[in-house]
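Notes follow the structure.
The values are calculated or read from the model by the stated rules, or taken from the named source; none is laboratory data. Quick caveat, the model's predicted, so the values are computed rather than measured. All Cβ positions, even for glycine, are placed from backbone atoms using ideal geometry, and neighbour counts span all protein chains on display.
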């Protein structure tokens, strides 16, 4: 289950409805970002991948230029088209539902696609539905499965690192060549970030202290952690192997040579699993060191 309030998008041309839904949602651990027209809402959705679901009115304004007196009854279908476009572009799932006092025949039109809620029934059914569908999203499932990893990232790393790990784990099983190379590239980025964090929190040193022309800063940090007995030799070797493999195939893809080995999904997934082992080790090591100081 998510531990932080979940971002939701609302598109409704009625300002009182926007305020009422937004305020009520706070009590259900939902943070609503509300817009009066489809264009503004879709711009926000496209730019904020943390938004987990969309609430639509049954009819509304398509853009700021449209006269509110000419609101479109096919508003929902314009919105569906835009949501589908963003899903495809960003390779994610964005569930939506309708909440309105004029639902026309949308129950039938959207059967199997989205739930439709009438305002006369109140907000509880809407919020209960949102919480149910959100917990089934791939990114929420991986966050629950790998909660130790995400707790560690939340304590010591950035929102960007959190996004990278979430994306990596959601797409870890993908087998197309582009996804494999991307997963290897992200694995290397997260490995570098992890050793920067270990450098600061286990040795109390700035990672830049290990920057050396002609040699990898990350490898220098690995060596020092191992020499100072913060990193067992087995895990140092594992980290070194990940770093070498992902450097060759994730950052400097060897595509110019013909008839050479190309990594498959098992290689990418194996490197991800070892990366998670290193994250778990770092989490425990930093926690133990912190306890020993108190």
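Assorted remarks:
- Among the candidates 243, 261, the residue that is assigned by TED's automatic domain parsing to the domain that holds residue 181, surrounded by 19 or more Cβ atoms within 10 Å (Cβ to Cβ) and within 26 Å of residue 174 (Cβ to Cβ) is uniquely 243.
- Close pairs from the range 214-226: first at negative phi and surrounded by 19 or more Cβ atoms within 10 Å (Cβ to Cβ), partner assigned to a helix (DSSP H, G or I) and modelled with pLDDT of 95 or more, Cβ under 6 Å, at least 6 apart: 218/192; 218/195; 221/195; 221/199; 222/236; 222/239
- Apart from one condition, residue 130 fits all of (1) in contact with a strand residue (DSSP E or B) (Cβ under 6 Å, 6 or more places away or on another chain); (2) closer than 16 Å to residue 4 by Cα; (3) modelled with pLDDT under 95; the exception is (3).
- Filtered residues of the range 102-117 (kept if out of contact with any strand residue (DSSP E or B) (no Cβ under 7 Å at 6 or more places or on another chain) and under 23 Å from residue 23 (Cβ atoms)): 102
- Search result, residues across the range 80-113 that are part of a loop (DSSP other than H, G, I, E, B) and touching a helix residue (DSSP H, G or I) at 6+ places or on another chain (Cβ under 8 Å): 92, 93, 94, 95, 101, 110, 113
- Scanning the range 225-240 for residues that are in a helix (DSSP H, G or I) and out of contact with any helix residue (DSSP H, G or I) (no Cβ under 8 Å at 6 or more places or on another chain) returns 227, 234, 237.
- The numbered conditions (1) in contact with a helix residue (DSSP H, G or I) (Cβ under 8 Å, 6 or more places away or on another chain); (2) part of a helix (DSSP H, G or I); (3) in contact (Cβ under 8 Å) with a residue 60 or more places away in the chain; (4) not assigned by TED's automatic domain parsing to the domain that holds residue 74 are all true for residue 163 except (1).
- Pair list, Cβ < 7 Å and 6+ apart or interchain, from the range 17-32 residues that are assigned by TED's automatic domain parsing to the domain that holds residue 58 to residues that are exposed (fewer than 15 other Cβ atoms within 10 Å of the Cβ) and not in a strand (DSSP E or B): 29/5; 30/5; 31/5
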